[in-house]
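Structure, as structure tokens:
The values are calculated or read from the model by the stated rules, or taken from the named source; none is laboratory data. These numbers were taken from a predicted model, which means no experiment stands behind them. Every residue, glycine among them, receives a Cβ derived from its backbone with ideal geometry; neighbour counts consider all protein chains shown.
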Amino acid sequence: MVVVMAGNASEESTANVIGKLTEMNFDVHRSTGVNQTVLGAVGDKRGLDPRLIEVMPGVQKVVRVSEPYKLASRTVQPEDTVIKVKDVSIGGDKLVMMAGPCSVEGRDEIREIAATIARAGASVLRGGAYKPRTSPYSFQGLGEEGLKYLSEAATENGMVSVSEVMESGQIPALLEHVDILQVGARNMQNFSLLRELGKVRKPVLLKRGLSATIEELLMAAEYIMAGGNFEVILCERGIRTFEKYTRNTLDLSAIPVVKKLSHLPIIADPSHATGRRDKVAPMARASIAAGTDGLMIEVHQQPEMAMSDGPQSLYPEQFQKLMGELEIIAQAVGKKW
């Protein structure tokens, strides 16, 4: 449930309400806006008479949250969450560009592409060190060595780094080397992994599953937030449909839906959604128009030689051109880089 404090409620009144809810075995999450404070109470509400809280000094009203996801709900936190990673803000009125190769293939390669995309305007360097591949014979990544190369390249260019975690045992290595931990589509409902990520204190980028509904995506975010990690970034990366021409179907309608239901930032990944280089730019432009908080795009200096996902990776010159186009659309929808 949500407890809305009156605009003139004292700090003592707010503390008393938090204390009462805690005594009743609720986990309380405080959100302080410009004019008032909102308390999100998560726990077993059976047998609770909301009037016990409503009559307390400073309380304006008590609202029951009907959604199964509580902490991720906009009812609990009306204002957008803005996640700050070093000098990069994700959410709010700023857009973020995450770009880089599908896989970290070597030290020189990742340093070269990092410098290129940073000049074009990207602020987050992406690159997989642990790769979940459909075939066991495909390139599986460089492991921790790849994480070191990614971190080094990001630092050299004043960027933030993001890389995928596939299992709990990889978390310590990622915590040491990268700034944002990514959960791939195949692991969106790996609940044991999500619980472990709830214990870390670094942002988590959560990709929508191949056949997941929007509610299932938000429930996966709830697993992480219930563990105490509230820095969750959602990612729409396309879902599996009957269409075979593109790799997946990019669900652009999910962006405004999520923005209405949740306060968490959401970005779009047109590279994995389409699987085709010539479709990435149109879907990137459409994603900005739909209200996304940022993009994740694969860029490679020689896509035809890439060890993974070459057909969906942009050439550096294509990426630079796209950034110029996105700047115009961003201004039209009241966003900025």
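Things worth noting here:
- Gly310 vs. criteria on the phi > 0 side of the Ramachandran plot and buried (at least 16 other Cβ atoms within 10 Å of the Cβ): no
- For region 2-58, taking the residues that are at pLDDT below 90 and of a type in the set (Ser, Thr, Tyr), the one that is surrounded by the most Cβ atoms within 10 Å (Cβ to Cβ) is identified as Thr37.
- Residue that is surrounded by the most Cβ atoms within 10 Å (Cβ to Cβ) [pool: residues in region 130-154 that are modelled with pLDDT of 95 or more and within 21 Å of the chain's Cα centre (by Cα)]: Leu150
- Just one of the listed residues (Asp108, Asp80) is part of a loop (DSSP other than H, G, I, E, B) and surrounded by fewer than 23 Cβ atoms within 10 Å (Cβ to Cβ), and it is Asp80.
- Verdict on Ile267 being surrounded by 20 or more Cβ atoms within 10 Å (Cβ to Cβ), of a type outside the set (S, T, N, Q) and in a strand (DSSP E or B): yes
- Restricted to region 170-180, and to residues there that are of a type in the set (A, V, I, L, M, F, W, C) and surrounded by fewer than 22 Cβ atoms within 10 Å (Cβ to Cβ), the residue that is farthest from Val82 (Cα to Cα) is Ala173.
- Spans of strands (runs of 3 or more DSSP E) in region 159-215 with at least 3 residues on the phi > 0 side of the Ramachandran plot and within 16 Å of the chain's Cα centre (by Cα): none
- Every pair of residues 6+ apart whose Cβ atoms lie under 6 Å, when the first sits in region 226-248 and is free of Cβ contacts under 8 Å to residues at least 12 places away in the same chain while the second is surrounded by fewer than 19 Cβ atoms within 10 Å (Cβ to Cβ): Thr241/Thr249; Glu243/Thr249
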